[in-house]
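The structure under discussion appears below in the form of structure tokens.
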Amino acid sequence: MPRITIIETGLVSPQFRERHGSYPKMFQRMVAAADASVSCDVVSVANGEPLPDPMTLDAILITGSAAGVYDDVAWIAPLEAFVRTAHDQRVPMVGVCFGHQLIAQALGGTVRKSEKGWGIGRHVYRLVPDNGLLDGETIAVAASHQDQVIVPPASARTIMSSDFTPHAGLLYANGTTLSVQPHPEFTADYAGALCELRRGLAPDALVDTAKASLAEELDHATLGGVVTRFLTGRTPA
């Protein structure tokens, strides 16, 4: 069974870490729920750990982060080079939120802070028919972001979209790279805590509506299963 190497690019705020865990812990729970036989390793560039040679890895999962992909952070350029090598060598790779944006930027896309403001709470995305990964017409997943992929790389096909986030899911032509803007690893509880954290940055009405939206059904298990199978090469039982 392939091992998934989680690249930790962001740290959960101390006030949330004890209750909700780190981002790698959230992804490990997501993966275990989809396939308990899959193992994960963690490389924390956010804590200064060096990136491994991507050619030595079975599969790669890049987490979210409070950083922007355009920020002057020492590990971003090396991570972009890491992504390009993994993509070129067809190492299975998934990016979520910051990871989604970082992969897009590394492979020639454009990312910036959106004039639409904060995307928080439960978001519903349209699915492109016959996309090969996700069935149905829509999927509902928690989001927490201001930055967006504005122009996808030429090699990417948009498979998830909404009016707020036109390029919420990208599947790359090499068949081994996938990225999504929303967070299948989040619990509704943690997504709600992040909504409250945005109060004062986002309008109160938006925060209240976003928190209330999380009481509705979320398709995190569905998207988490797709991500896990994409990285491990397993099809549904």
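The values are calculated or read from the model by the stated rules, or taken from the named source; none is laboratory data. All values reported here derive from a predicted model rather than from experimental measurement. FYI the Cβ positions are ideal-geometry reconstructions off the backbone, even for glycines, and counts take in every protein chain you see. These accessible areas exclude ligands, DNA and RNA; they are computed on the full protein's heavy atoms, side chains included. Shrake-Rupley method; radii C 1.70, N 1.55, O 1.52, S 1.80 Å.
When region 148-166 is examined, which residues are found to be farther than 19 Å from Thr222 by Cα and under 14 Å from the mean Cα position of the chain (by Cα)?
Correct list: Gln148, Val149, Thr165.
Picking from Ala156, Ala168, Ala140, Ala191, which residue would you name as being of a type in the set (A, V, I, L, M) and either free of Cβ contacts under 8 Å to residues at least 12 places away in the same chain or farther than 18 Å from Phe98 by Cα (or both)?
After ruling out the rest, the residue left standing is Ala140.
For region 61-75, enumerate the residues that are more than 14 Å from Leu107 (Cβ to Cβ) and either of a type in the set (A, V, I, L, M) or surrounded by fewer than 22 Cβ atoms within 10 Å (Cβ to Cβ) (or both).
Residues satisfying the conditions are Leu61, Ala66, Ala67, Gly68, Tyr70, Asp71, Asp72, Val73, Ala74, Trp75.
Considering only residues that are assigned to a helix (DSSP H, G or I), under 16 Å from the mean Cα position of the chain (by Cα) and in contact (Cβ under 8 Å) with a residue 40 or more places away in the chain, look in region 1-55 and name the one that is surrounded by the most Cβ atoms within 10 Å (Cβ to Cβ).
Tyr23
Residues of region 98-119 being within 26 Å of Thr187 (Cβ to Cβ) and open to solvent by 10 Å² or more (accessible area, probe 1.4 Å), which ones?
Ser114, Lys116, Gly117, Trp118
Go through region 166-201 and count every residue that is open to solvent by 10 Å² or more (accessible area, probe 1.4 Å), of a type in the set (Val, Ile, Thr) and within 16 Å of Phe230 (Cβ to Cβ).
Result for region 166-201: 1.
Do we have Val94 as assigned to a loop (DSSP other than H, G, I, E, B), open to solvent by less than 40 Å² (accessible area, probe 1.4 Å) and hydrophobic (A, V, I, L, M, F, W, C) here?
In short, no.
Being closer than 26 Å to Ala215 by Cβ and among the basic types (Lys, Arg) is the filter here; which residues of region 123-172 pass it?
Of everything in region 123-172, just one residue is closer than 26 Å to Ala215 by Cβ and among the basic types (Lys, Arg), namely Arg126.
Can you work out which of the residues in region 59-89 that are among the hydroxyl-bearing types (Ser, Thr, Tyr) and closer than 15 Å to Gln101 by Cα is farthest from the chain's Cα centre (by Cα)?
Checking each candidate, the answer is Tyr70.
Count, please, the residues in region 106-115 that happen to be in contact with a Phe, Trp or Tyr (Cβ under 9 Å, 6 or more places away or on another chain) and under 10 Å from Gln148 (Cα atoms).
Final tally of qualifying residues: 4.
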